Each structure stands twice: as C-alpha cells, then as structure tokens.
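Chemist: A single structure is presented below for examination.
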Amino acid sequence: MQSHGSVCGTTECRRSATPALAAGAGVALRRRSSGSGCALAVRTAGCPCEPHPGAGVPPVLVTGAAGSVGAVGRSVVEGLRQRDLPVRAMVRRDDERAQALRATGAEVVIGDLTRAGDVADALAGCARMYFGMSVSAQYLEAAVTAAAVARAYGRLEVFVNMSQLTVSEMDLTSTSESVQQRQQWLAEQVLDWSGLPVVQVRPTVFMENPLFRVGFSSIAKYGTIRLPFGRAKSSPVAAGDVAAVVEEILADPAPHIGRIYELTGPRSEDIAAMAAEVSTVLGRPVRYADIPLQEWIDDDLRPLGLPDHVFQHISTMARLHAENRYDRKAEGVEQVTGRPPSGVADYVRDNLSLFSP
C-alpha cells in the first residue's frame with residue numbers, strides 16, 4: 001500500500017510503530033508514509049517528534065474517495081476540507097482523481113478495500129470513517145473486511161455506511177433484488193453485529209445513476225425520456241444531497257450514532273411528471289416514452305458495455321421501478337442537513353449541457 005502522508009523517519013518512531021493491530025495499547029496501526037512528521041497516528045510514550053501534526057484532531061477516513069456515480073466520496077472529502085477538518089482519502093489508483101483530492105489538502109492513501117492490511121494502514125490514527133464503494137462483485141468482501149478491521153482497531157467514534165433504500169424492504173427470504181442489493185443487505189447485518197458505532201445511510205436511486213442517465217440521454221436529441229417504468233413512481237436523490245448528509249454526520253457524529261437515514265428527493269412522481277418538470281426548465285417539449293423492459297435492456301442498457309455485476313444491478317433496478325418498489329418519500333436529507341433535497345428540475349438546471357441538442 002502506498003501512502004502520501006508524513007513520517008519523521010527517526011529510529012524511535014520506527015521502533016514504536018508496530019505492523020500488527022494493537023487495539024487499546026496506545027500504539028497505532030502500521031502506516032507507511034513519506035515526507036516529514038511523525039508516522040504514529042496515536043501518540044506513544046517516548047515519541048520525540050515535536051510538534052506532532054494533527055495532534056488532538058484525528059483525520060476522517062473516507063473510502064471510495066475517487067468517486068464514480070455522483071462522486072459522493074469526493075464531495076465528502078471536499079466538504080470536510082472546507083470545514084478545515086483533516087481527511088485521509090482512500091483510493092484504488094494514484095491517478096488524476098487522486099491528485100485532485102490532494103489539491104484539497106487531503107492526505108491520499110492507495111489501497112484495496114478487500115485487503116485487511118490496506119484498510120488497517122488507512123485507518124491508523126483516524127477517529128471517524130466513511131465506508132462507500134462503487135457497485136462491485138467484491139462489495140460484500142470489502143464491507144466485511146472494513147468492519148472487521150474497524151472492530152479490531154477499536155477507536156472509532158463513528159462508522160458511516162453507504163447502503164441503499166431498497167434494503168429497508170428486504171429480509172432473509174428476499175429473492176427479487178439484485179446481487180448488489182443482497183450484498184448491501186448482508187453488509188448491514190454484519191455491521192449491526194459488529195458493535196461499531198454505526199450510522200446507516202440509505203439513499204434511493206441517484207439522479208446520476210446510469211438508470212436515469214440513460215433514460216434522460218434521449219432528451220437532447222429526441223425530446224423524450226426513455227424508461228420502462230410504466231406509471232410507477234420514483235423519488236431520485238441528488239448525489240450532492242447524499243454527500244451533504246454524510247459530511248454532516250462525520251463532522252458531528254454523536255447525535256447520529258445508531259440511526260438509519262433514508263434519503264430521497266423532494267417528491268415521488270411518475271416519469272411523465274418528471275418530463276413535465278424537465279420541459280419547464282428547458283422551455284421545450286419533453287415527453288415520457290414508456291417502452292417494454294426487455295427492449296430497454298437490449299437497446300439502451302446493454303450497449304453501454306457494463307460489467308456483468310453492474311449490468312444485472314441496473315437492469316434489476318429498472319424492473320423494481322416498474323413494480324413500483326421505488327415509490328418512496330423520506331425526510332432524511334432535511335432531517336440531517338436542515339434543508340430540503342434537490343429535485344429533478346434542480347438537477348436539470350445544474351446540468352443544462354447534458355440536455356442541449
């Protein structure tokens with residue numbers, strides 16, 4: 001694992017840092033760094049480094065910080081840095097997205113969430129953690145690994161988990177959901193058993209999700225929203241609102257421990273109503289083109305060339321939408337942030353270039 005933080009390099013500090021988990025012993029988890037300043041995230045007796053960077057203000061660990069759909073992790077990093085809170089951002093690759101995170105003043109560590117050693121390295125010295133990961137066949141392995149490491153670490157004030165709203169309707173016998181949704185339900189069970197100070201964040205479908213991105217992509221050329229939802233309703237949530245909720249919890253976790261926050265947009269409506277909203281913003285006609293589910297999967301979704309796991313997840317979400325499983329309205333965004341969530345019209349105004357002919 002590569003890390004871009006600080007280590008003083010003195011013999012005393014190198015001897016103090018152990019490569020093993022030492023929960024409760026006043027010794028940090030190992031963390032390899034480069035630069036200047038003490039590597040020990042938890043100060044040990046005899047550490048000669050003065051001053052000790054970040055003393056008294058442990059960093060917040062944000063996983064999945066490079067971001068994919070909606071880039072929630074990246075937005076959380078940016079928001080916490082704007083509050084002048086120290087942040088450690090964990091990413092898979094050291095690329096231009098990692099460079100952008102460093103530009104915010106965040107420390108960036110490179111690692112794999114399915115490798116306990118990488119997670120332990122990233123967690124060393126942190127007091128708060130956000131676990132978020134893109135849709136992946138390895139999601140459950142990563143979530144359990146993160147929970148196991150956090151439990152052994154034993155010093156977290158909060159573990160914020162990015163789940164999804166569908167799990168609130170699932171149980172041991174549920175079979176109609178996607179593999180990803182099943183994995184996220186199981187991950188919540190593991191976190192419930194862990195004894196960690198967990199906050200579950202359950203957003204509904206993101207406006208930025210490929211499901212809506214594909215459906216809205218025909219607006220610019222044809223003035224239509226192509227989706228197979230029939231008259232079913234949905235309340236998509238903006239990724240920025242989800243990030244704002246996570247940021248608020250991480251900034252002041254105490255009031256939120258043990259809570260579950262369900263996040264939706266401001267209203268649940270059918271796609272014809274969404275088309276009317278879009279039409280008003282754009283000042284030109286936009287209509288809903290309701291098409292058969294299989295036709296949409298074959299003609300609109302499959303050409304994207306998504307990985308099998310992601311493809312199965314998105315196509316399942318489309319089917320569940322058609323079954324009206326996404327007709328939900330929750331108050332989580334306003335409850336945590338104090339402001340109402342953004343709606344479809346707001347999303348269109350903020351992304352006009354996506355809808356221009």
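Chemist: Can you say whether Arg14 is basic (Lys, Arg), at pLDDT 85 or above and on the phi < 0 side of the Ramachandran plot, as far as the supplied structure shows?
Modeler: Working: basic (Lys, Arg): yes; at pLDDT 85 or above: no; on the phi < 0 side of the Ramachandran plot: yes.
When the stated conditions are applied, Arg14 does not pass them.
Chemist: All but one of (1) modelled with pLDDT of 95 or more; (2) buried (at least 20 other Cβ atoms within 10 Å of the Cβ); (3) within 28 Å of Gly338 (Cα to Cα) hold for Asp252; which doesn't?
Modeler: (2)
Chemist: Is the stretch 272-286 home to any residue that is under 15 Å from the mean Cα position of the chain (by Cα), surrounded by 16 or more Cβ atoms within 10 Å (Cβ to Cβ) and touching a residue at least 60 places away in the same chain (Cβ under 8 Å)?
Modeler: No, the conditions are met nowhere in the stretch 272-286.
Chemist: Kindly indicate whether Leu140 is in a loop (DSSP other than H, G, I, E, B), modelled with pLDDT of 95 or more and within 16 Å of the chain's Cα centre (by Cα).
Modeler: no
Chemist: Sort out which residues of the stretch 159-196 are among the small types (Gly, Ala, Ser), over 16 Å from the mean Cα position of the chain (by Cα) and not in a helix (DSSP H, G or I), and write them in order of number.
Modeler: Those that are among the small types (Gly, Ala, Ser), over 16 Å from the mean Cα position of the chain (by Cα) and not in a helix (DSSP H, G or I): Ser174, Ser176, Ser178, Gly195.
Chemist: Please go through the stretch 68-91 and pick out each residue that is assigned to a loop (DSSP other than H, G, I, E, B), on the phi < 0 side of the Ramachandran plot and either crowded, with 22+ Cβ neighbours inside 10 Å or at pLDDT below 95 (or both).
Modeler: Across the stretch 68-91, the qualifying residues are Ser68, Val69.
Chemist: Looking at (1) part of a loop (DSSP other than H, G, I, E, B); (2) touching a strand residue (DSSP E or B) at 6+ places or on another chain (Cβ under 7 Å), which one does Arg284 not meet, given that it meets all the others?
Modeler: It fails just one condition, (2).
Chemist: Okay, next question. Within the set of pairs 6+ apart or on separate chains, which have a first residue in the stretch 146-174 that is farther than 21 Å from Gly73 by Cβ and in contact (Cβ under 8 Å) with a residue 24 or more places away in the chain, a second that is among the hydroxyl-bearing types (Ser, Thr, Tyr) and surrounded by fewer than 20 Cβ atoms within 10 Å (Cβ to Cβ), and C-beta atoms under 6 Å apart?
Modeler: Listed pairs, sorted by first residue: Arg151/Ser194.
Chemist: When you check Glu247 against the structure, is it within 26 Å of Ser134 (Cα to Cα), in a helix (DSSP H, G or I) and in contact with a Gly (Cβ under 6 Å, 6 or more places away or on another chain), yes or no?
Modeler: For Glu247, the condition - within 26 Å of Ser134 (Cα to Cα), in a helix (DSSP H, G or I) and in contact with a Gly (Cβ under 6 Å, 6 or more places away or on another chain) - is met.
Chemist: Look through the stretch 173-202, keep the residues that are within 18 Å of Ala152 (Cα to Cα) and touching a Leu at 6+ places or on another chain (Cβ under 7 Å), and return whichever of them is surrounded by the fewest Cβ atoms within 10 Å (Cβ to Cβ).
Modeler: It comes out as Pro197.
Chemist: Can you name the number of the only condition in (1) part of a helix (DSSP H, G or I); (2) surrounded by fewer than 22 Cβ atoms within 10 Å (Cβ to Cβ); (3) of a type outside the set (A, V, I, L, M); (4) more than 19 Å from the chain's Cα centre (by Cα) that Arg231 fails?
Modeler: Exception for Arg231: condition (1).
Chemist: Applying the selection to the stretch 95-109, what residues are surrounded by fewer than 19 Cβ atoms within 10 Å (Cβ to Cβ) and either modelled with pLDDT of 95 or more or not charged (D, E, K, R) (or both)?
Modeler: Residues satisfying the conditions are Gln99, Ala100, Arg102, Ala103, Thr104, Gly105.
Chemist: Of the conditions (1) in contact (Cβ under 8 Å) with a residue 60 or more places away in the chain; (2) part of a helix (DSSP H, G or I); (3) surrounded by fewer than 16 Cβ atoms within 10 Å (Cβ to Cβ), Arg267 fails just one. Which one is it?
Modeler: (2)
Chemist: Here's something else I'd like to know. Is there any pair linking a residue in the stretch 289-304 that is within 17 Å of Arg231 (Cβ to Cβ) to one that is among the hydroxyl-bearing types (Ser, Thr, Tyr) and at pLDDT 95 or above, with Cβ under 6 Å and at least six apart or on different chains, and which?
Modeler: Hits for this filter: Ala289/Thr224.
Chemist: Among the residues of the stretch 95-113, how many are touching a residue at least 12 places away in the same chain (Cβ under 8 Å) and either within 23 Å of Val149 (Cα to Cα) or polar (S, T, N, Q) (or both)?
Modeler: 9
Chemist: Kindly check whether there is at least one residue in the stretch 197-216 that is modelled with pLDDT of 95 or more, assigned to a helix (DSSP H, G or I) and either over 14 Å from the mean Cα position of the chain (by Cα) or of a type in the set (Gly, Ala, Ser) (or both).
Modeler: no
The values are calculated or read from the model by the stated rules, or taken from the named source; none is laboratory data. If you're wondering where the values come from, they're calculated on a predicted model, not measured in any experiment. Please note: Cβ atoms are built from the backbone with ideal geometry, for glycine as well, and neighbour counts cover all protein chains shown.
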